[in-house]
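Structure, as C-alpha cells:
The values are calculated or read from the model by the stated rules, or taken from the named source; none is laboratory data. Quantities reported herein were computed from a predicted structural model and do not represent experimental measurements. Here the Cβ positions follow ideal geometry from the backbone for every residue, glycine too, while neighbour counts run over all protein chains shown. Areas reflect the complete protein model, heavy atoms only, side chains present, ligands, DNA and RNA absent. Shrake-Rupley method; radii C 1.70, N 1.55, O 1.52, S 1.80 Å.
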Amino acid sequence: MQLTVDPASTTPPYEQIRAQIAERARSGELPVGLRLPTVRALAEELGLAAGTVARAYRELEADGVVETHGRRGTLIAATGDTAHRLAAAAATEYAERAHRLGLSPADALAAVETALRLAFREG
C-alpha cells in the first residue's frame with residue numbers, strides 16, 4: 001500500500017493518511033478485510049511518529065472505514081453496499097471530468113441536479 005505524505009502541505013500528516021486510506025477503501029482499491037500495516041510499520045515507512053499514524057487509524061475507525069481486531073490487526077471494514085460504492089466512484093469520475101472541462105462547482109452541481117430530476121422522474 002503506497003501512501004504519501006507531503007511535509008510542505010498545510011494538511012496535517014495524520015489527515016493526509018486518513019484521507020488516502022478512506023478514499024481507497026471507498027473506491028474498492030483497498031478491499032474489505034484487507035489488513036493494514038501496523039502503526040509502527042507504516043510510521044517507519046513514511047518517516048513519521050507512530051502517534052501520527054495511530055491518530056489516522058483512530059479517526060478511520062471512528063468513521064467506520066477500518067476495524068481493529070487485536071492480534072488480527074486493523075482491517076478495512078465493510079462500509080456500505082456495492083451500489084453506494086459504485087455511485088461514489090461515478091460521482092468522483094464526474095467531478096474530476098467537470099473540473100477538467102473547466103466547469104465551476106455550481107455549474108457542475110446544476111448539471112447533476114438536472115440529470116437526477118430527469119432520471120428519477122422517468123424511474
* Options Glu15, Glu45: the member that is open to solvent by 60 Å² or more (accessible area, probe 1.4 Å) and out of contact with any Gly (no Cβ under 7 Å at 6 or more places or on another chain) -> Glu45
* Asked: Quick one: in the range 18-31, which of the residues that are of a type in the set (A, V, I, L, M) and either touching a Ser or Thr at 6+ places or on another chain (Cβ under 8 Å) or not in a loop (DSSP other than H, G, I, E, B) (or both) is most open to solvent (accessible area, probe 1.4 Å)?
  -> Ala19
* Asked: Within the range 32-42, how many residues are open to solvent by 60 Å² or more (accessible area, probe 1.4 Å) and hydrophobic (A, V, I, L, M, F, W, C)?
  -> 2
* Structure fact -> Residue count, the range 1-12, condition aliphatic (A, V, I, L, M), touching a Pro at 6+ places or on another chain (Cβ under 9 Å) and open to solvent by 70 Å² or more (accessible area, probe 1.4 Å), comes to 1
* Asked: Would it be correct to say that Thr92 is in a helix (DSSP H, G or I), of a type in the set (Val, Ile, Thr) and surrounded by fewer than 16 Cβ atoms within 10 Å (Cβ to Cβ)?
  -> yes
* Got a sec? Which of Tyr94, Tyr57 is over 30 Å from Ala106 (Cα atoms) and touching a residue at least 12 places away in the same chain (Cβ under 8 Å)? -> Tyr57
* Tell me, please, whether a residue that is within 15 Å of Met1 (Cβ to Cβ), over 18 Å from the mean Cα position of the chain (by Cα) and part of a helix (DSSP H, G or I) can be found in the range 45-61. => yes
* Asked: Considering the range 4-30 alone, what residues qualify as being more than 12 Å from the chain's Cα centre (by Cα) and not β-branched (Val, Ile, Thr)?
  -> Asp6, Pro7, Ala8, Ser9, Pro12, Pro13, Tyr14
